[in-house]
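**Q** Input: one structure, supplied below.
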Amino acid sequence: MPIAATAVRSEAAVRGLKVFDATCPLVTKVHLEVARQCRGGRDMVLVGHAGHPEVEGTMGQWRNEAGSGRIHLIEDLGDVATLVVGQPDNLAYTTQTTLSVDDTRDIIAALRQKFPAIQGPRNDDICYATQNRQLAVKQMAKDTDLMIVVGSRNSSNSVRLVEVALEHGSRAGHLVDYADEIDEAWLEGVSTVGVTSGASVPEILVREVLEHLAARG
């Protein structure tokens, strides 16, 4: 069971450790909102991927105290259909920031239909880096034989970029952490390669992939 985000700070204080908070400001905004809803006694729905570090951190903001509501994690439309909450008229939702508007649109619509009184955040809680990358890939994919996404397999927004490329016309798409993971067979018969990256990927890794491709014409 992962240690709740608030518990990490408490444990660090007990050990006399200094905490350097490198949390993305958008994620911090969601954390503060979740804590506020908890204090207000409202039930909360979090749309996100189970086991994702951001989701674990957000869930860790919830304090199971007397007078507080409950937090429910849902991942897809099936979860909405089976979701039962204790306070349907006192309910709010938020989302994992690295999910795009497209990723969450149908789920949020289903939540609003099932729970008309549900309150939600504005779209500016969605990570602009995630949204912008998906929009760019949609434009690139139709003219691309191969899309290479630089990012880790445990990064939901990186995995989603490969899916978006394939959905919008790219003949093939692959996810790599480093340039040396590019299979030479992928490049056979390919004239146009698109390159993008996950929201948190260091620029140097993207440059190495571009240099790797340039060396092969």
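The values are calculated or read from the model by the stated rules, or taken from the named source; none is laboratory data. Not measured: the values here are computed from a predicted model. Positions of Cβ are backbone-derived with ideal geometry, glycine not excepted, and every protein chain shown enters the neighbour counts. SASA here: full protein model, heavy atoms, side chains in, ligands and nucleic acids out. Shrake-Rupley method; radii C 1.70, N 1.55, O 1.52, S 1.80 Å.
**Q** Explain nothing, just the number: relative contact order of the stretch 89-189, from Cα pairs under 8 Å at least 6 residues apart, as a whole percent.
**A** 24 percent
**Q** Got a sec? Which residues in the stretch 159-195 would a label at Lys142 touch, if it sits 7 Å along Cα→Cβ and we count backbone N under 15 Å?
**A** 165-171, by backbone N distance to the label point.
**Q** Please tell me the relative contact order of the chain in percent, rounded to the nearest whole number, where contacts are Cα pairs under 8 Å and at least six residues apart.
**A** 16 percent.
**Q** Is the shape of the chain best called rounded, prolate or oblate, per the rule: a/c under 1.5 gives rounded, else a/b larger than b/c gives prolate, else oblate, with a ≥ b ≥ c the square roots of the Cα gyration tensor eigenvalues?
**A** In terms of gyration-tensor shape, oblate.
**Q** List the residues, sorted by chain then number, that are 5 or more residues from Gly169 or on another chain and whose placed amide H is less than 5 Å from its amide H.
**A** Here the answer is none, since no amide H 5 or more places off falls under 5 Å of that of Gly169.
**Q** Residues with amide H under 5 Å of His72's amide H, sequence separation 5 or more or different chain, H placed in the peptide plane at 1.01 Å from N; which?
**A** Amide H to amide H, under 5 Å and 5 or more residues apart or across chains, His72 pairs with Met44, Val45, Leu46.
**Q** Pull up all non-local amide H partners of Thr95: gap of 5 or more, or a different chain, and H-to-H distance under 5 Å with H placed in the peptide plane.
**A** Correct list: Val47.
**Q** What is the stretch 19-80 by shape, rounded, prolate or oblate, if you read a ≥ b ≥ c off the alpha carbon gyration tensor as root eigenvalues and call it rounded for a/c under 1.5, prolate for a/b larger than b/c, and oblate otherwise?
**A** Cα axes put the stretch 19-80 in the oblate bin.
**Q** Moving to a separate point now. Which distance in nm do the two modelled labels at His212 and Glu184 give, with both placed 7 Å along the Cα-to-Cβ direction?
**A** Label-label distance for His212 and Glu184, simple model: 1.4 nm.
**Q** Taking all protein chains as present, what is the carbon and sulfur share of the accessible area of the chain, in % to the nearest whole number, probe 1.4 Å?
**A** 52 percent
**Q** Tell me, what is the per residue accessible area of the chain in Å², probe radius 1.4 Å?
**A** With the other protein chains kept in place, the chain gives 55 Å² per residue.
**Q** Give, as a single signed number, the net charge of other residues whose beta carbon lies under 14 Å from the beta carbon of Gly78, with Lys and Arg counted +1 and Asp and Glu -1.
**A** -3
**Q** Can you classify the stretch 72-135 as rounded, prolate or oblate using the Cα gyration tensor, where a ≥ b ≥ c are the square roots of its eigenvalues, rounded means a/c under 1.5, and otherwise it's prolate if a/b beats b/c and oblate if not?
**A** It comes out prolate by the Cα gyration axes.
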